[in-house]
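Peer 1: First the structure, then my questions, so here it is.
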Amino acid sequence: HRPCALCRRAAYELYRDAVGARGADELDARLHRERIDGRVKRRDRLPYRELPSGVFVDLDGKATLVTDDELVSWTAQRGYTTRTARPPSGDAVVLTPLTTLNALRSGYPLQISDAIAT
């Protein structure tokens, strides 16, 4: 999710600047186009080696966080769960919109819940 322009103004401005957007309406429209293709969820395939930490991928039907070294599965019921090594090659089915992926590539600071550390 992009940071809220009201609740997290400084983070929103960093995100907006990292992706070269003019404002929240433009960002929201871009993110929506990247998430949905008509009535179908859009999914991009990208090499694991090109993914920055903080991106979510679909791994065997589960939303999975990519970190520098690991893939960490996530569910709404249990939070972060299973950890596996990050593949050194191959393609991932990316859930994160490309705008957010590019924000992370451009240096937008990653914020991950402390729950991942346990």
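Peer 1: Picking from SER89, SER53, SER73, which is most flexible by a Gaussian network model of the chain using Cα springs under 10 Å?
Peer 2: SER89
Peer 1: Something else now. For a quick check, take a GNM of the chain with Cα springs below 10 Å and name the residue from VAL40, VAL72, VAL93 with the largest mean-square fluctuation.
Peer 2: It is VAL40.
Peer 1: So how compact is the chain: Cα radius of gyration and Dmax in angstrom?
Peer 2: So, for the chain, Rg and Dmax equal 14.5, 40 Å respectively.
Peer 1: Order VAL19, VAL57, most accessible first, counting only protein heavy atoms with a 1.4 angstrom probe.
Peer 2: VAL19, VAL57
Peer 1: Against the longest alpha carbon principal axis of the chain, how many degrees, from 0 to 90 and to the nearest 10, is the axis of helix 24-35 turned?
Peer 2: 30
Peer 1: Which residue, chosen from TYR48, ALA10, TYR80, occupies the Cα position most advanced towards the positive end of the dipole of region 5-91, where the dipole is computed from +1 (Lys, Arg) and -1 (Asp, Glu) charges on Cβ about the Cα centre?
Peer 2: About the Cα centre, the residue reaching furthest to the positive side is TYR80.
Peer 1: For helix 9-19, what angle does its Cα long axis make with the longest principal axis of the chain, in degrees from 0 to 90 and rounded to 10?
Peer 2: The angle comes out at about 80 degrees.
Peer 1: With a 1.4 Å probe and every protein chain left in place, work out the accessible area per residue of the chain in Å², rounded to a whole number.
Peer 2: About 63 Å² of surface per residue is accessible.
Peer 1: Let me ask something else. Can you tell me how much longer the chain between ASP17 and SER106 gets when fully stretched, taken as 0.36 nm per residue apart minus their C-alpha distance, in nm with one decimal?
Peer 2: Additional length available on full extension: 31.1 nm.
Peer 1: Let me ask another. Expressed as a whole number of Å, what is the distance separating the alpha-carbon centroids of region 60-114 and region 1-52?
Peer 2: 15
Peer 1: May I ask you to work out the translational diffusion coefficient for region 59-99 at 25 °C, viscosity 0.890 mPa s, via Stokes-Einstein with Rh from the Kirkwood sum over Cα pairs, reported in whole µm²/s?
Peer 2: The diffusion coefficient I find is 223 µm²/s.
Peer 1: For the chain, what is the charge dipole size about the Cα centre, in debye to the nearest 20, if Lys and Arg each add +1 at the Cβ and Asp and Glu each add -1 at the Cβ?
Peer 2: Computed about the Cα centre, the dipole is about 300 debye.
Peer 1: Sticking with this structure for a sec: Taking only Cα atoms and a 10 Å spring cutoff, compute GNM fluctuations for the chain and point out the largest among THR100, THR82, THR67.
Peer 2: Highest fluctuation among the options: THR82.
Peer 1: Probe radius 1.4 Å, ligands and nucleic acids ignored: give me the carbon and sulfur share of the accessible area of region 1-75 as a rounded percent.
Peer 2: C and S fraction of accessible area: 48 percent.
Peer 1: What does the helix-only formula give at 222 nm for the chain: each DSSP H stretch with n ≥ 4 adding -39500 (n - 2.57), the total divided by the residues, and the result rounded to the nearest 500 deg cm²/dmol?
Peer 2: -8000 deg cm²/dmol
The values are calculated or read from the model by the stated rules, or taken from the named source; none is laboratory data. For clarity, every value in this text was computed on a predicted model and none was experimentally measured. Cβ: placed from backbone, ideal geometry, glycine included. Neighbour counts: every protein chain shown. Areas reflect the complete protein model, heavy atoms only, side chains present, ligands, DNA and RNA absent. Shrake-Rupley method; radii C 1.70, N 1.55, O 1.52, S 1.80 Å.
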